[in-house]
């Protein structure tokens, strides 16, 4: 019995308490009820109810390009800057993203995704992006696994909306459970009380 308990403790420590899986993002699940810690660029931002997407979570971020019309190309993001990654060091970012009627007019598209940018003294030297989604999508897990390039001294994490051109884009993108670290995030599990609740 004791060996079983020890095994469970070790398993929990392995899955949930990995020291190298520390989330470097500030307010990554927006549970402060606002966008504290994030800087907005050319997007309309709201923190809204999360529709119980994440275990124990109440809020998520909603972005739109409404009122940010332009062409032939426009984009906007919520951004955090970090100076913790060294050159040639592994960088991992992820988020859960949902889209609602996200589209442009006249064949143009509006995409939601996450992006990493690597800067050197105010100059962009490299970037990496996740899969891009548009239209209507349920909660989708997006991730980036890359390496910080040589000479970079600032890493930017962006929650992105991108318009391929023209005016009249519509819809929303929702972001939740954002993660930024040197290794992948630890696995999350369902809230036990919810998972085993009586139907």
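Odds and ends about this structure:
- Prolate/oblate/rounded label for region 20-186 (Cα gyration tensor, a/c 1.5): oblate
- Spin-label model, residue 66/residue 32: points 7 Å from Cα along the beta carbon direction are separated by 2.4 nm.
- Taking other C-beta atoms within 10 angstrom as a stand-in for reagent exposure, 94, 164 fall in the order 164, 94, fewest first.
- For region 20-186: relative contact order, % (alpha-carbon pairs under 8 angstrom, 6 or more apart): 34 percent
- Among 157, 58, a tally of other beta-carbon atoms within 10 Å of each Cβ gives an order, fewest to most, of 58, 157.
Values in this text are rule-based calculations from the coordinates and carry no lab data. Quick caveat, the model's predicted, so the values are computed rather than measured. When we count neighbours, we look across all protein chains shown, and the Cβ atoms used for this are built from the backbone with ideal geometry, even at glycine.
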